[in-house]
Amino acid sequence: MTILKRNLLFGICCPLIFLYSVYGYAGPHDAAPMMSVAKKAAKSTQLNEAGIQKKFYDAYESAGSPSIAIFWNRAFSDQVSQWESTERDIVTGEKSINARDLLKKNGDLTQEEINQGFEATDADPSGGNINSYDRLIKGGSKILSATQSEVRIKQNEREGLGETEQFTFSSAYLQPFFAQSVKILDRAAIIRIIERDMVREAGAEMVADIQKIETEALVGYADLLTEILLANDQINYLISVKEVATGRIITSFKSDGKGNGTEKWVSTSSGFQKKMSHKNTTHEQIGKQLAIETMQHLTGVIGEL
């Protein structure tokens, strides 16, 4: 009977203890963070980007609003010509010159002597050979003609994004600059324009050399050159801005364009692991982020032009 009472008492107490523990756990606690926090963070980021763009525009305008040419995944390399000489033939020759000097005491040279130039061996200058002498001048060898055989060098094209991704990325990169009325030049357009001008000036069609025409186009139209190079890992970008007139590097930096990252615990097949999470994941977001970073790097140095 005692054992039965003890079991009955235990059966009554257990549910009470469970209810008390549940109530205690569900008791008063701090409110869970609301989604508005994330919205505030996004708004703060937008305000920060607007501030960066405003500072850049002020510095850009103070610098005289320079024109900026953009090279998409193409480096302005040290290759001066797209043609390479494979062989060269040179023909040399020798040219001889015969001359005769005459010193005279009486009078000047006659017209006949001037016309003959003392080239005829039987020419007798007036006054005989008094105070006169002959001199033979022979010239050395010189290049008479040269022939070169050239071949076009195959351009090393960097591996880039797919066509659709490139369209998305480039348009997103340009939008912040357009919003600030920055003068952006297209490489292909200024090359075609300068080539037309060169043909008109020469008066005839010439053998085009893209390396030289590219340089002429930059010097003729652009103040700054921006190179945007995508690394082989298809993640990181190298962005360099150079002064065209001097070749001086204004700024250069590496970035993946993903923005600040946060670590999060993620469930994997090996258990929970920390993984980095970024706010920018699409090419549109990355392109815009890189544009903002470019403005930020240029703001402090563009006024030195």
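The values are calculated or read from the model by the stated rules, or taken from the named source; none is laboratory data. All of these numbers come straight from a predicted model, not from anything done at the bench. Note that each Cβ is placed from the backbone with ideal geometry, even for glycine, and that neighbours are counted across all protein chains shown.
Quick rundown of the values:
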| read-out | value |
| --- | --- |
| Candidates Ala208, Ala189, Ala172, filtered to the one that is modelled with pLDDT of 65 or more, in contact with an Asp or Glu (Cβ under 7 Å, 6 or more places away or on another chain) and closer than 29 Å to Ala63 by Cβ | Ala172 |
| Strands (runs of 3 or more DSSP E) fully within the range 193-273 counting 3 or more residues that are in contact with a strand residue (DSSP E or B) (Cβ under 9 Å, 6 or more places away or on another chain) and of a type outside the set (A, V, I, L, M, F, W, C) | 237-243, 249-255, 261-268 |
| Candidate set: the range 287-305, residues that are in a loop (DSSP other than H, G, I, E, B) and of a type in the set (A, V, I, L, M); chosen: the one farthest from Glu163 (Cα to Cα) | Leu305 |
| Single residue of Thr226, Thr147, Thr215 found to be at pLDDT 95 or above, β-branched (Val, Ile, Thr) and either buried (at least 18 other Cβ atoms within 10 Å of the Cβ) or over 30 Å from Ala50 (Cβ atoms) (or both) | Thr226 |
| Residue count for the range 262-291, restricted to those that are more than 17 Å from the chain's Cα centre (by Cα) and under 28 Å from Phe178 (Cα atoms) | 11 |
| Residue in the range 273-286 that is without any contact (Cβ under 8 Å) to a residue 12 or more places away in the chain, small (Gly, Ala, Ser) and more than 23 Å from Gly162 (Cβ to Cβ) present | no |
| Test: residue in the range 240-261 that is out of contact with any Phe, Trp or Tyr (no Cβ under 7 Å at 6 or more places or on another chain), loosely packed, with under 14 Cβ neighbours inside 10 Å and farther than 20 Å from Ala69 by Cα | yes |
